[in-house]
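Structure record follows, encoded as structure tokens.
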Amino acid sequence: MRGRGHAEPGPLLSVPAQSEQKGPFMPEQNAETLIEGLLLEQRTFEPPEKFRRQALISDDSVYREAAADFEGFWARLATEFLTWSREPTKRLEWTPPHCTWFEDGVLNASVNCLDRHVDAGRGDRVAYHWEGEAPGEARTVTYADLLREVCKLANGLKSIGIEKGDRVGIYMGMLCELPVAMLACARIGAAHIVVFGGFSAESLAERLRDSGAKALITQDEGWRKGAKVPLKANADRACAQAPGVERVVVLRRTGDPVPWEEHDIWWHDLTEGAEETCEPEPMGAEDALFLLHTSGSTAKPKGALHTTGGYLLHAAVTHKWIFDIHEDSVWWCAADIGWVTGHTYIVYGPLTNGTTSVLFEGDPAYPDWDRHWQIVERYRVSSYYTAPTLIRSFVKMGEEYPKRHDLSSLRLLGTVGEPINPEAWVWYWQVIGGGRCPIVDTWWQTETGGILITPLPGVVTTKPGSATIPFPGIEPEIVDEHGNPVDRGAGGFLVVKRPWPGMFRTLFGDDERYVSTYFTQFGPEVYVTGDGAKQDEDGYFWLMGRIDDVINVAGHRLSTTEIESTLVEHPAVAEAAATGAYDPQRGQRIVCFVLLKSGFGASDELSQELREFVADKIGKIARPAAVLFGEDLPKTRSGKIMRRLLKNIAEGDDLGDTTTLRDPVIVDDLKRKADAALGRSA
Ligand code: ATP
Ligand code: MG
């Protein structure tokens, strides 16, 4: 199904013309460019014919409809996808930078996720196939089960004084009770703040304080790779630093004894004997559904506020169309619910659509690297969604793991979280997808609430490494530092020029930071994403990394993503990270950190070879000053490379706070190597 060049565009869509197509695709290298797009990926992949025939969206009518009237488009979908207790008459109200969607509409998110499916006689449908961390531990939860559990907990929360407008923290592992806790909050009108279970007590405390949480829901302990994680003990330490938390609800998971405070109450005591029905709180479309902090790859985490109507609509529509969800689909988003990906594509999107999902408590490497493929085979998963960092780990571990299992149920694959390098994309396509599954590379952020740039899989021809084109109704653009659109092929700031329903409404408690971070650089109407990107001659978007991470070599501004993708093309390289280290002559010099595939050993020769490899593929200007080999790369707990730290390592600086790292030990090793390679005494 591989297309050749751009010979056969088929129904390849172009974004509604925003600026005239000008200039060559490969720009002249010039120091004025904000980021230079130097890589050119030529391969294209059309939607496989069999997939296209069955796809929910199989022509460009939704793009045309949204281009003609984007507010009308979302308003139509708001009645089709959601159940309102009062239908909205309003659509978008925009007082830049603030906006509302469907403001006079009234609904409840838990009713949309649960009651209406049960009322329609679909209560026996499986909501979650839950798979525990220990192989063999599994549970099936239907929509009727979920509704009952949600109502009981909602009644329990009310009985301890939680009411509409309150905030409730949730700090749990990937259990069915996690969505239950979120929906119980939604049912009574309390906003939830889910904090990823891998975060420390300090990170939890900071988020609880920032959001003014009145209660916390947690569990005794969680499981991680066969070891127990002391969630309750962490929660106790966090609550000691977050005095606003009045009650702590504790779910029993491992059953080990845990320290007990006066304000604690067991989940089972709170829900035992509670009524199995609970009247849902009528919520305005613009009432808060949740706060969620960004992953914190860059700076102090920001608590994005999401509201009910627009968010739920965006979640449901994007989930259904992008992942092509049918009646009989089995959907698996392998993210953690602690990230926005899990909120939107494990909880709110799939449940609003009445979908059957997999919910997995464990780790992809436990007990062995074929765990995900075992789960795909067991539940006959049809659509699978994960992050490029994990795909690169799969590549590194080798094909024998997926080969052990029958993956023929898969019909679509997705990625999110980082740019995916073309090598990993093609591996995913061939080895996991068997050449029959379209890949949707979805670009979005905690702030955007749902996906904004993505192919619709039955319609859009894909290119490995490109998130392709905007979702219908979304209007991104690439601009220079003055806010003017750049030429096709040139890099710049990725911005979005008008609101969409799922966008965050503010940063909780800090509207000033909302305005200054996102809506000041190019005026209050233009949302600044913080990412760098380019658009190719077909209008396809290529994400190039954070704008703050751009490496400036002798006046040339280079994309971290392009250097990293090039390194990963080399047969020895599994993962790579590029950063700029200060250089008095050239501005910055490029320092790369590389993780080798098994079977390849680190050597000076290989380091030299990789430097030349980058120079050959991108240009001499991009030749790294050093290529260093590590046992692993410093990653945040969401699996993203922590670039601030790499920069410190490359520049020989103090490393600062490394507690949010997954594995703090590896940075000392990298630092030693960097100091040696760059001629600094340790
Ligand atoms: P913080 O804002 O605190 O630094 P974060 O940006 O890592 O944290 P998220 O909102 O989870 O937190 O991640 C969104 C970012 O992830 C995007 O801005 C982008 O840099 C990257 N990203 C997500 N999806 C893609 C994708 N498909 N292609 C390229 N980059 C992506
Ligand atoms: Mg961000």
Quiz item: Taking the Cβ of R436 as the center, what net charge do the other residues with Cβ under 9 Å away carry, scoring Lys and Arg +1 and Asp and Glu -1?
Solution: +2
Quiz item: Using the Cα atoms as the points, what is the convex hull volume per residue of the chain in Å³?
Solution: 148 Å³
Self-check item: Contact order normalised by residue count of the stretch 38-117, Cα under 8 Å, 6+ apart, percent
Solution: 19 percent
Quiz prompt | Semi-axis lengths, Å, the stretch 509-571, gyration tensor of Cα atoms, sqrt of 5 times eigenvalues | solution = 29, 15, 12
Self-check item: Three-way shape call for the stretch 235-341 based on the alpha-carbon gyration tensor, with the a/c threshold at 1.5
Solution: prolate
Self-check item: For the stretch 306-320, 3J(HN,Hα) per residue [Karplus equation, 6.51 cos²θ - 1.76 cosθ + 1.60, θ = phi - 60°, Hz, x = Gly/Pro]
Solution: 10, 9, 7, x, x, 4, 4, 5, 4, 4, 5, 5, 5, 4, 5
Self-check item: Phi to ³J(HN,Hα) by Karplus 6.51 cos²θ - 1.76 cosθ + 1.60 over the stretch 191-201, Hz, x for Gly, Pro
Solution: 8, 9, 10, 7, 10, 3, x, x, 6, 6, 4
Quiz prompt | Surface per residue (accessible, 1.4 Å probe) for the stretch 69-120, Å² | solution = 43 Å²
Practice problem: In whole angstrom, note down how far apart the Cα centers of the stretch 37-71 and the stretch 467-502 are. | Solution: 18 Å
Quiz item: Given the stretch 102-247, what percent of its DSSP beta bridges are antiparallel, to the nearest 5?
Solution: 45 percent
Quiz prompt | the stretch 122-178: radius of gyration over Cα atoms, expressed as a fraction of 2.2 N^0.38 Å | solution = 1.35
Exercise. Return one whole number: the accessible area per residue of the stretch 360-483 in Å², for a 1.4 Å probe.
Key: 24 Å²
Quiz item: Relative contact order, percent, of the stretch 120-244 when contacts are C-alpha pairs under 8 Å separated by at least 6 residues?
Solution: 23 percent
Practice problem: Determine how many Å³ per residue the convex hull of the Cα atoms of the stretch 481-540 encloses. | Solution: 89 Å³
Quiz item: What per residue convex hull volume, in Å³, comes out for the stretch 122-277 when only alpha-carbon positions are used?
Solution: 106 Å³
Quiz prompt | Counting DSSP beta bridges with both ends in the chain, the antiparallel % (nearest 5) | solution = 60 percent
Exercise. Please identify the cysteines of the chain that lack any partner cysteine with a Cβ under 4.7 Å from their own Cβ.
Key: C99, C113, C176, C185, C239, C333, C437, C592
Practice problem: In debye, nearest 20, what is the charge dipole magnitude of the chain about its Cα centre with +1 on Lys and Arg Cβ and -1 on Asp and Glu Cβ, if you could check? | Solution: 700 debye
Practice problem: Leaving ligands, DNA and RNA out of it, report the carbon-plus-sulfur percent of the accessible area of the chain at a 1.4 Å probe. | Solution: 47 percent
Quiz item: Mean shadow of the stretch 535-631, computed from the convex hull of its alpha carbons, in nm²?
Solution: 7.0 nm²
Self-check item: Ellipticity estimate at 222 nm from DSSP helix runs (n ≥ 4, -39,500 (n - 2.57)) divided over the chain, nearest 500
Solution: -8000 deg cm²/dmol
Quiz item: What's the lysine pair count for the stretch 220-352 at a Cα cut-off below 30 Å, pairs eight or more apart or interchain?
Solution: 7
Self-check item: Label point distance in nm, D119-K403, each placed 7 Å from Cα along Cα→Cβ
Solution: 5.3 nm
Quiz prompt | Mean separation of Cα contacts under 8 Å, 6 or more apart, over the residue count of the chain: relative contact order % | solution = 15 percent
Quiz prompt | Amide H within-cut-off set for T307, under 5 Å, with H built and near neighbours excluded | solution = L289, R505
Quiz prompt | Distance from the stretch 278-294 to the stretch 371-438 (C-alpha centre basis), Å | solution = 34 Å
Quiz item: Label points 7 Å out from Cα along the Cβ direction at K396 and T95: separation in nm?
Solution: 5.1 nm
Self-check item: Amide H within-cut-off set for R557, under 5 Å, with H built and near neighbours excluded
Solution: E36
Practice problem: Starting from the amide H of R637, placed 1.01 Å from N in the peptide plane, find each other amide H under 5 Å away whose residue is 5 or more places distant or on another chain. | Solution: R662
Quiz prompt | Surface accessible to a 1.4 Å probe, per residue, for the residues of the stretch 518-565, Å² | solution = 28 Å²
Self-check item: In sequence order, calculated HN-Hα J values of the stretch 98-115 (Karplus, 6.51, -1.76, 1.60; Hz; x Gly/Pro)
Solution: 8, 8, 10, 10, 6, 4, 8, x, 10, 7, 10, 5, 5, 5, 5, 7, 10, 3
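The values are calculated or read from the model by the stated rules, or taken from the named source; none is laboratory data. Since the structure is predicted, the reported quantities are computational estimates derived from the model, not experimental observations. Note that we place each Cβ from the backbone using ideal geometry, even for glycine, and neighbour counts take in every protein chain shown. Surface accessibility is based on the protein's heavy atoms, side chains included, excluding ligands, DNA and RNA. Shrake-Rupley method; radii C 1.70, N 1.55, O 1.52, S 1.80 Å.
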